[in-house]
Structures are given as structure tokens and as C-alpha cells.
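Novice: Dropping the structure in here first, questions after.
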Amino acid sequence: MAAPAMLLQLVAAGLALCAALLWLRGRPAGPERARGRVCVAVLGDLGRSPRMQYHALALARHGHGVTLLGFLSTKPHSDILCNEKIHIVSISELKVLQVGPKIFQYITKVIAQAIQLFYTMLKIDHPSYILLQNPPGLPSIAVTWVVCLVRRSKLIIDWHNYGYTIMSLIHGKNHPIVQIAEWYEKLFGRLSDYNFCVTNAMKEDLQMNCNIKAITLYDKPASFFKETPLEIQHKLYMKLAKDYAPFKRGTDSIHPDVEKSAFTELDIRNGNVTQVKERPALLISSTSWTEDEDFSILLKALEDYEEYVNDGIKLPSLVCVITGKGPLKKHYNRLIDKMHFKHIQICTPWLEAEDYPVLLGSADLGVCLHKSSSGLDLPMKVVDMFGCCLPVCAVHFQCLHELVKHDENGLIFRDSNELAEQLKMLLLEFPTGESKLYMFRRNLRASKQLRWDESWEQTVLPVFRNN
């Protein structure tokens, strides 16, 4: 009987605490809150959270002091680091305790993260709003909600996806942990004051299945995602050539006054940069190397492409660059090391935040293998590629049509065979201006896409101004 009695006591204590916090929240806000400071928080790596960095920059530009809170595993963009209105607060990325059953390890990690996040959020300058990325939402949504009650702040959740659907890729939909995570995410998600999400499909799903009213804020490219001038391309190629063989010039001898990469050459005497004749095509993809992206599709398509060239079809050599960090990178690098191509080179660098848009703006074709775990989010990498007027081949999933218009700004494929055929079709006339690849680029140039700053001012700024 002691255990049920203790459980009832804990429940009663929890209810009493919630009542006290709700009473606190109902009290008038003090002068600190009136200043409009915003905490932009993500229980993840800030350097790999571009949307949250863009939120921070937009808020700072409109006069808000910003606390940017998260892991500092990789360096954020230099615009963040140089902005006097943005104060970065790092939290430690806790490792799983390798003791006992896995469920015990996971629970221990969640509790430790909750304590660390709660303590850190209570220490920061008083925010009027906390803008939280989800996922990851366990335990950050519950912790942030409690902090908002204590500090009388408003909680805004920016829904990028559902955390429980990502967990289901590893454990399966019917695993108890996944079902608890789904219940938790829907329950605490309803306690937010305002919500943004990344697609109209997610907006409808949040309303229908979670009773959460959200505003769609599509990902849009930042202003620095644009086509890269040839001179800047050359500088980046020469920089990357120091570490990555595919960017190095061939073995042919060159004039001492010429500096050459695999793609460009600089005449040192007059400073002119030109493209190398019969240069390879530059194919780029970016990834977080997780279960929702199957890179075996691309690798198999590249094998087929190699066969096309060997069969005498006139196609360019390929340099395939796959950027990013993540848990499955070593696995795929081992697969790549076993592949022996004559006409294709593959490298998997991690690029500095400032170099990534420059490389996208230099590439000939983008490939996206993101398959949404929920079917409701869109790949930001494609948004960035379109910002650089870079045509894309993207794998099909439920709401991809909200971004990629098949046969207009790119192509949609379902398997490696379709992707291989698309690569052949797009690169058959490379690099002439009459190809379908060039037509897609021309369509992207003419589309005059809305940029992040404009979209943010139309969609997000009114929420802060009106509240």
C-alpha cells in the first residue's frame, strides 16, 4: 500500500506545483518582460539549426535582444557571432550513461537534460518569449513550459517535424517509448501560446490530430544563398583542393602563370577566371546522415551512371559532394570506400557555414534524399538549393509538391533507377545552354523567390507586434 500512497502524494504535489505556477503566470508582468527579449532555444546543435539562427537574426534586426540557447558542437554563422544583440548560451550535449538496460539509460539522459535545461533557462536574462524548436521536444517542451510559467513568458513552438515519428524509424511505431513520446508531444504541444510550422500539411495535421492552431512559416533561403561568381568559385575550389582530391587539378601540365582546380583556372597575369574545358559536373547533396535519408539510392544510381558512360553514352565525369555530419556517416563512408569508379569521384566534407552557400551556388545539380518521417515537413536543403538557382532531383514523399514542382524547377524520383535516368537525361548535353538542366535553372531565376527576411516579416513579426 505504501507505493500507491506515495504515488498519490507525488501527483498531489505536482498538481499543487502546477496551480502555484499558473497563479504566478496570472500576475502582471514586470518591467523586464516589457523589454521584449526573446530566448531562441533548441536542444540540439546551433550550428546545424539554420532556421533557428535565422529567427535570431530577424529578431535582432527588429530590435529584440536575443538569447540563443543550444549545443555548440559546430560554429554558428558569422552573422550570429558578430551580432551584438545576440547572446549565445551553450548547454552541454549529454552522452547516454552506458549502464543498465537501454530504457534506463534513456530515462536517465532525459532527466539529466531536463535538469540542465531548466537550470540554464532560469539563469538567462528574463525573456518575454521563448521560441523553441521541435523536435527535439523531449524533454524541452515540458521544461520550457514550466520555465514560462515561472518567468511569466510566452511559449512559441516552431514545429519542424514530430519527434515521435523520428523515434519510430529506429524503434517502430508500436514501441512503448514511441507511443509515450507521441502522447507527450501532443499533450505539452497544446500548452504553447503560439505555434509555427513548416508546411500547410503539418498545419492541418496539428489542428486535426492535436488541436493545435499553427501558422505556416515556410523555410525560405537566406540572402546569402545565391549563384556564386566564377572568381569566388575558384577561391573555394582551391581551398577545398587542399583537403579533398576531387577538387584538385588533373595531372596535365599547366603554364606557371595559371592556377588550376578541377573546375576552373585563373590566369594570374590578368586575374581572369574561366571554366576548365570538359570539366566534370558538380553534383551536391547535404545530409544529417540519419535514418530518414537512404543514401544507398544515390550510390546505386551512380553505379548505373558509370555504366552509361562505359557503354559509350556521352556524359561528363561527376564530382559528387555530400556534405554534413551525423550518426550514419561512417557507415556510408565505408560503402563509398568499397566503390571503384573511373568517371565518378565522391567526397563527404563538413563545410564551414560561410562556405556551404558558396558551394551550392557553384554546383550544377542538387540531389535530395530526405524522406520525411512524418510526411509533413520539407527539406531545407532544397530551399537553399533553389535560393542558389540550383535545380534539384528529390525523392518523393507526401507533401514534397509544396516545394518541388516536377519538370519545372526539378525532378522527383522514387527509386535509384529513376534517379539514374534523370541524371543521364539532365547531363546528356552538359554543359550546353540548351539542356533541360539549364531550363530548370532559368525557371528558378525567373521565379523571384521570396527570401527568409521578407517571409519572416510577413508571418512572424505580426505575432510579436500584436502581443
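Novice: How large, in percent, is the carbon and sulfur part of the accessible surface of segment 296-343 at a probe radius of 1.4 Å?
Specialist: So the carbon and sulfur contribution to the accessible surface is 52 percent.
Novice: While we're here: Taking the Cβ of N466 as the center, what net charge do the other residues with Cβ under 14 Å away carry, scoring Lys and Arg +1 and Asp and Glu -1?
Specialist: Taking every Cβ under 14 Å from that of N466, the sum is 0.
Novice: Go ahead and run the numbers for FRET between K173 and N417, Cβ-Cβ distance against an R0 of 35 Å, rounding to 0.05.
Specialist: 0.75
Novice: Between segment 263-301 and segment 211-238, how far is it from one alpha carbon centroid to the other, in angstrom?
Specialist: Between the Cα centre of segment 263-301 and that of segment 211-238, the gap is 17 Å.
Novice: Jot down the radius of gyration and Dmax of segment 46-195, Cα atoms only, both in angstrom.
Specialist: When restricted to Cα atoms, segment 46-195 yields Rg and Dmax of 15.9, 49 Å.
Novice: If you keep only loop residues by DSSP, which trypsin sites (Lys or Arg not before Pro) in segment 204-261 have at most 15 other Cβ atoms within 10 Å of their Cβ?
Specialist: K213, K242
Novice: Now for a separate question. Where in segment 73-124 are there trypsin sites (Lys or Arg not before Pro) that are in a DSSP coil and have at most 11 other Cβ atoms within 10 angstrom of their Cβ?
Specialist: In loop regions of segment 73-124 (DSSP not H, G, I, E or B), the sparsely surrounded trypsin sites (Lys or Arg not before Pro) are K95.
Novice: Residues with beta-carbon under 11 Å from that of S296, excluding S296: net charge, scoring Lys, Arg +1 and Asp, Glu -1?
Specialist: -3
Novice: Continuing with the same structure: Which one, F430, W456, M385, is farthest towards the positive end of the dipole of segment 383-467 when Lys and Arg carry +1 and Asp and Glu -1 on their Cβ?
Specialist: In segment 383-467, that residue is W456.
Novice: Here's another thing I want to ask about it. Working from Cα positions, state the angle (0 to 90°, nearest 10) between the long axis of helix 230-241 and the longest principal axis of the chain.
Specialist: For 230-241 against the chain, the angle is about 80 degrees.
Novice: Probe 1.4 Å, all protein chains in place: accessible area of E93 in Å², nearest 10?
Specialist: Here the residue's solvent-accessible area equals roughly 90 Å².
Novice: What does the extension gain come out to for R445 and M208, with contour length at 0.36 nm per residue minus their alpha carbon separation?
Specialist: Taking 0.36 nm per residue and subtracting the Cα distance, the gain is 81.6 nm.
Novice: Okay, moving on. Mind pulling the angle between the C-alpha long axis of helix 436-446 and the longest principal axis of the chain? Nearest 10 degrees, somewhere in 0 to 90.
Specialist: Around 50 degrees separate the two axes.
Novice: Using a simple charge model, +1 on the beta-carbon of Lys and Arg, -1 on the beta-carbon of Asp and Glu, nothing else, what dipole does segment 100-192 show about its Cα centre, in debye to the nearest 20?
Specialist: So the magnitude is around 140 debye.
Novice: Another one. Go through S261, A245, N272 and say which Cα lies farthest out towards the positive end of the charge dipole of segment 175-301; charges sit on Cβ, +1 for Lys and Arg, -1 for Asp and Glu.
Specialist: N272
Novice: Roughly speaking, what is the centre-to-centre gap between segment 104-156 and segment 318-383 when only Cα atoms are used, to the nearest Å?
Specialist: About 32 Å separates the Cα centre of segment 104-156 from the one of segment 318-383.
Novice: So, with +1 on the Cβ of K and R and -1 on the Cβ of D and E, and no other charges, what is the size of the charge dipole of segment 37-123 about its Cα centre, to the nearest 20 debye?
Specialist: Taking the Cα centre of segment 37-123 as origin, the dipole is about 120 debye.
Novice: Nearest 10 degrees, 0 to 90: what angle lies between the long axis of helix 2-26 and the longest principal axis of the chain (Cα atoms)?
Specialist: 80
Novice: Provide the FRET efficiency to the nearest 0.05 for the E307-R269 pair, computing r from the beta carbons and using R0 = 41 Å.
Specialist: Efficiency, from the Cβ-Cβ distance: 0.45.
Novice: At 222 nm, what helix-only mean residue ellipticity would the chain give, in deg cm²/dmol to the nearest 500, using -39500 (n - 2.57) for each DSSP H run of four or more?
Specialist: -13000 deg cm²/dmol
Novice: Then there's this: With only Lys, Arg, Asp and Glu charged, each at its Cβ (+1 for the first two, -1 for the last two), find how big the charge dipole of the chain is about the Cα centre; round to the nearest 20 debye.
Specialist: Dipole size: approximately 1620 debye.
The values are calculated or read from the model by the stated rules, or taken from the named source; none is laboratory data. Computed from a predicted structure; not experimentally measured. Because the Cβ atoms are built from the backbone with ideal geometry, glycine has one as well, and the counts that use them run over all protein chains shown. When the accessible area is computed, the model is the full protein with side chains, heavy atoms only, and any ligands, DNA or RNA have been set aside. Shrake-Rupley method; radii C 1.70, N 1.55, O 1.52, S 1.80 Å.
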